[in-house]
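Below is one structure; the comments refer to it alone.
Please treat every number below as a calculation from the coordinates, not as lab data. Given the structure is predicted, the values throughout are model-derived calculations rather than measurements. Ideal geometry is used to build each Cβ from the backbone, glycine not excepted, and the neighbour counts take in all protein chains shown.
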């Protein structure tokens, strides 16, 4: 599960989660984890970042890369068909309860299409929030594989040690994003929403032309009726 990537890199990391909606209320969710050289050395090198458990799942994991500044980057993405699948994917990333009230809708009407996507993010300040029962059991009863003392030695309880940025993008809309300091301690929350309204100008123009033609027809008809009445006189 993608949360394994996040949790194994709980030291001076950046986690980017971008959710991009398509025209059918589905879309793609992309996750990128960047680990700096110091943190990677403390963890024992890139070989400890295991992604084999994601193979054969709905997630597509890219081969890890190293940026020019030495940051080790792991990326994964998957498609979702609706808000339910998006919720499931987010729970796989961060554990249940971090992302809630997830919506993704596309509404179509006459000459108009509306895109909306929203969710709430709540970070408690406790790293255990990013785990679940199955992962805790896999890690020998420790929610994220480390005791509180070990996390302190790794510096995971220091502000700025790890950040998570969440971004929503809908077609034609302005992206909405929020960043969370996972090492700061204490609760953090945000409500994200992105929306757009696309009007079909061609239909509107045709409708306007049609209205003009109807109006012209009425005027012509009235004028013809008046002429006939004059001739009768």
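Brief remarks follow.
- Segment 104-119 versus segment 179-200: alpha-carbon centroid distance in Å: 19 Å
- As a rough guide to protection, the peptides 92-101, 59-68 ranked by mean Cβ packing within 10 Å, highest first, stand as 92-101, 59-68.
- Taking other C-beta atoms within 10 Å as the exposure proxy, 110, 130 rank 110, 130 from fewest upward.
- Most to least packed among 182-193, 26-37 [average Cβ atoms within 10 Å]: 26-37, 182-193
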